[in-house]
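Q: First the structure, then my questions, so here it is.
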Amino acid sequence: MTRGYEISHLLAGAMLVTSFALLYQERIAAVLKTFAAQSITLALAVAWAASSQDRPELFITSLIALCLKGIVIPVALHRTVVKLGIHREVEKVVGVGIALLVGLALTGLAQALLLKVAQGTASHAREDLALALAIILLGFLMMIVRRNAVTQVVGFMSMENGLILAATGARGMPLVVEVSVAFSVLIALFVFAVFVFRIRERFDTIDIEALDRMRGDTR
Amino acid sequence: MTGDLVVQFLAQGAQMFLVLLIAPLAVGVVRRVKARLMRRRGAPLLQGYRDLAKLLRKESIVADSASWLFRAAPSLIFALTWVAAALVPSFASGLMFNWAADVVALVALLGAARALLALAGMDVGTSFGGIGSSREMMIATLAEPAMMLIVLTLAIAAGTTRLAGVADFFIAEPLAVRVSLALSLVALIIVALAENARIPVDNPVTHLELTMVHEAMILEYSGRHLALIEAASYLKLVLYLSLLICLFAPFGMAPATAGVSGWIVGLLVWSAKLLAGAALLGVWEVSIAKMRVFRLPGFLGVAFVFGFLAILLAFLTRGVIQ
């Protein structure tokens with residue numbers, strides 16, 4: 001049993017590492033590849049949970065994660081990026097070093113919080129939830145520190161990866177909810193894509209700083 | 001009882017000379033693997049020994065502006081590195097001086113050697129030496145905190161900073177797949193690459209002034225001084241390989257109570273693991289490119305981040321944060 005938890009923690013830890021890699025990457029193509037790696041790791045983690053905890057319905061979640069977020073969405077985003085001609089360097093609000101340090105602080109925060117909140121529970125559940133919360137917070141951070149709309153979408157998706165990880169760890173979320181969450185994310189992606197194209201048509205760029213002009217803020 | 005003591009003493013001495021003997025061979029393996037993968041024939045495996053012998057025979061030329069520090073530094077660097085390399089448990093964990101093989105002491109010994117090397121690089125007053133020293137210190141300031149974090153993670157897991165104790169702990173607890181250990185392994189590999197001036201950080205075979213770090217500092221050395229410094233750098237490679245083996249793959253290491261036969265088995269296993277590690281390093285070096293100097297803080301920052309994450313997770317598993 002403990003071996004099972006160790007492997008699931010290893011996979012969750014690998015997801016946390018890919019979250020940091022997302023913050024570290026400088027090119028959009030690399031960001032998309034890292035995101036695909038994170039989603040595939042998520043699919044593995046969910047599949048491991050399904051087989052080790054004997055919950056076959058989780059295999060469907062795993063399959064959705066693998067197909068949609070591991071393959072379809074990264075490929076679609078990659079095509080968008082190629083079509084927009086922006087696969088150069090990513091503009092960032094703050095430097096990589098600061099982003100990574102803030103990420104570390106957030107991870108520490110997630111763990112300190114979970115230790116306080118989930119004091120009575122078993123240590124493995126605590127660790128799983130702490131890792132998932134850290135991934136969610138890092139997704140937030142990614143949306144904050146990137147100026148480019150596509151990388152913000154990736155940040156949103158990686159946040160959602162963290163949510164699914166938390167849901168599989170907490171043995172609760174029914175399959176219907178999971179499927180609907182997965183599809184709502186897909187729809188959100190379409191909305192994002194439409195927005196990205198509209199922003200680009202209007203401002204000739206997808207750097208969201210350009211929106212400040214629209215709002216009247218000048219820098 | 002005294003006979004036992006003599007055997008223990010001999011085993012410790014054997015380890016000291018073993019690392020010295022095997023070091024040029026390990027470097028030879030790395031070079032050979034690289035050459036073969038680039039479809040070159042490569043230098044013979046024993047080239048390291050020949051280089052050292054040749055340098056020892058040659059006259060040592062010292063610049064007019066050199067101070068005593070320039071002459072003293074090679075011997076001191078060699079001595080410090082040798083002591084450090086001899087302390088890392090190789091084939092057996094319970095040798096005579098294993099109480100001294102503390103990771104913190106190891107870091108201190110290597111830090112002292114590096115400080116001497118940087119001072120010697122600046123001593124003659126050439127511009128290359130200064131550049132090399134400044135870059136070396138930049139790398140050191142980034143790599144050393146990461147190294148200390150890794151050390152602390154292992155100390156939390158095993159309850160001791162003694163290398164032999166950590167190795168014993170991991171032998172006793174097989175397949176401890178923990179996230180924090182996986183992270184500290186990656187961090188330690190990055191630190192080892194940086195400290196040994198291997199490829200993404202520094203290229204040991206070029207003398208291109210834009211990129212060189214280690215070579216720039218020792219440019220003014222020749223003859224036996226250079227031989228000592230080269231031998232120290234070979235030893236450092238073996239030290240880090242042994243450290244990685246001892247901390248993350250200690251299987252097959254002879255326990256403290258093993259007699260001579262146990263030591264011989266441990267010795268064979270250790271040599272095989274060391275040569276495998278050297279071959280892997282060669283493959284790694286062929287498959288990636290050297291980084292620009294200005295990207296190094298990012299690369300070493302990754303080691304720091306991983307070390308920090310490892311220690312956070314180690315605390316979390318044990319529930320120590322209040």
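The values are calculated or read from the model by the stated rules, or taken from the named source; none is laboratory data. These numbers come from a predicted model, not from an experiment. So basically every Cβ, Gly included, is an ideal-geometry build from the backbone, and we count neighbours across all protein chains shown.
Q: With the structure loaded, tell me whether B:Phe78 is modelled with pLDDT of 95 or more and not acidic (Asp, Glu) or whether it fails that test. I'd like the intermediate steps shown before the answer.
A: Values: modelled with pLDDT of 95 or more: yes; not acidic (Asp, Glu): yes.
The answer is yes for B:Phe78.
Q: Got a sec? Which helices (runs of 4 or more DSSP H) wholly within region A:1-66 have at least 1 residues that are over 15 Å from A:Gly169 (Cβ atoms) and away from chain B (no Cβ under 14 Å)? Lay out the reasoning, then the answer.
A: Working: elements: A:2-24, A:28-52, A:58-64.
Because the criterion is at least 1 residues that are over 15 Å from A:Gly169 (Cβ atoms) and away from chain B (no Cβ under 14 Å), the helices (runs of 4 or more DSSP H) in region A:1-66 that meet it are A:28-52, A:58-64.
Q: Is it fair to say A:Ala76 is in a helix (DSSP H, G or I), out of contact with any Leu (no Cβ under 6 Å at 6 or more places or on another chain), among the small types (Gly, Ala, Ser) and within 14 Å of chain B (Cβ to nearest Cβ)?
A: Numbers: in a helix (DSSP H, G or I): yes; out of contact with any Leu (no Cβ under 6 Å at 6 or more places or on another chain): yes; among the small types (Gly, Ala, Ser): yes; within 14 Å of chain B (Cβ to nearest Cβ): no.
Spelling it out, it is not the case that A:Ala76 is in a helix (DSSP H, G or I), out of contact with any Leu (no Cβ under 6 Å at 6 or more places or on another chain), among the small types (Gly, Ala, Ser) and within 14 Å of chain B (Cβ to nearest Cβ).
Q: Would it be correct to say that A:Ala21 is touching a His at 6+ places or on another chain (Cβ under 7 Å), within 16 Å of A:Ser158 (Cα to Cα) and at pLDDT 80 or above?
A: Working: touching a His at 6+ places or on another chain (Cβ under 7 Å): no; within 16 Å of A:Ser158 (Cα to Cα): yes; at pLDDT 80 or above: yes.
So A:Ala21 fails the test.
Q: Among the residues of region B:208-229, which ones are part of a helix (DSSP H, G or I) and aliphatic (A, V, I, L, M)? Please lay out each step first, then the result.
A: Our first condition is that a residue be part of a helix (DSSP H, G or I); within region B:208-229, this holds for B:214-217, B:223-229.
Those that are part of a helix (DSSP H, G or I) and aliphatic (A, V, I, L, M): B:Ala216, B:Met217, B:Leu226, B:Ala227, B:Leu228, B:Ile229.
Q: Of all residues in region A:111-135, how many are surrounded by 18 or more Cβ atoms within 10 Å (Cβ to Cβ), within 9 Å of another protein chain (Cβ to nearest Cβ) and free of Cβ contacts under 8 Å to residues at least 60 places away in the same chain?
A: 5
Q: It is to be established whether one or more residues within region B:300-315 are touching an Asp or Glu at 6+ places or on another chain (Cβ under 8 Å), within 14 Å of chain A (Cβ to nearest Cβ), at pLDDT below 80 and closer than 29 Å to A:Ala110 by Cβ. Step through it out loud before you land on a result.
A: Keep residues of region B:300-315 that are touching an Asp or Glu at 6+ places or on another chain (Cβ under 8 Å), which gives B:313.
Cutting the leftovers down to within 14 Å of chain A (Cβ to nearest Cβ) gives us B:313.
Filter once more, so that each one left must be at pLDDT below 80: none.
No; the residues of region B:300-315 include none that is touching an Asp or Glu at 6+ places or on another chain (Cβ under 8 Å), within 14 Å of chain A (Cβ to nearest Cβ), at pLDDT below 80 and closer than 29 Å to A:Ala110 by Cβ.
Q: While we're here: Here's a check for you: in region B:120-143, which residue that is surrounded by fewer than 18 Cβ atoms within 10 Å (Cβ to Cβ) and within 20 Å of the chain's Cα centre (by Cα) is nearest to B:Gly165 (Cα to Cα)?
A: B:Thr141
Q: Whether any residue in region B:94-110 is outside any helix (DSSP H, G or I), at pLDDT below 90 and aromatic (Phe, Trp, Tyr) is what I want to check. So that I can check it myself, show each step before the final result.
A: Restricting attention to region B:94-110, the residues satisfying the condition of being outside any helix (DSSP H, G or I) are B:94-97, B:101-102.
Next cut, at pLDDT below 90 only: B:94-97, B:101-102.
Next, only the ones that are aromatic (Phe, Trp, Tyr) stay: B:97.
Looking through region B:94-110, at least one residue is outside any helix (DSSP H, G or I), at pLDDT below 90 and aromatic (Phe, Trp, Tyr).
Q: Return the residues of region B:278-299 that are of a type in the set (Gly, Ala, Ser) and either within 14 Å of another protein chain (Cβ to nearest Cβ) or outside any helix (DSSP H, G or I) (or both); say none if nothing qualifies. Spell out how you get there, then give the answer.
A: So the first thing to find is which residues in region B:278-299 are of a type in the set (Gly, Ala, Ser), and the list is B:278-279, B:282, B:287, B:289, B:298.
Residues satisfying the conditions are B:Ala289, B:Gly298.
Q: Looking only at region B:142-183, filter to residues that are away from chain A (no Cβ under 14 Å) and small (Gly, Ala, Ser); which one of those is farthest from B:Trp99 (Cα to Cα)?
A: B:Ala143
Q: Residues B:Ala232, B:Ala197, B:Ala187: which one is part of a helix (DSSP H, G or I), of a type in the set (Gly, Ala, Ser) and closer than 23 Å to B:Val124 by Cβ? Talk me through it step by step, then tell me what you get.
A: Values: B:Ala197 fails: part of a helix (DSSP H, G or I); B:Ala187 fails: closer than 23 Å to B:Val124 by Cβ.
Answer to the check: B:Ala232.
Q: B:Leu275: away from chain A (no Cβ under 14 Å) and closer than 26 Å to A:Val17 by Cα, yes or no? Let's see the steps before the verdict.
A: On the way: away from chain A (no Cβ under 14 Å): yes; closer than 26 Å to A:Val17 by Cα: no.
No: the conditions fail for B:Leu275.
Q: Picking from B:Phe97, B:Phe70, which residue would you name as being over 30 Å from B:Leu154 (Cβ atoms) and touching a residue at least 24 places away in the same chain (Cβ under 8 Å)? Even if it seems obvious, please write down each step before you answer.
A: Details: B:Phe97 fails: over 30 Å from B:Leu154 (Cβ atoms).
Going through B:Phe97, B:Phe70 in turn, just one is over 30 Å from B:Leu154 (Cβ atoms) and touching a residue at least 24 places away in the same chain (Cβ under 8 Å): B:Phe70.
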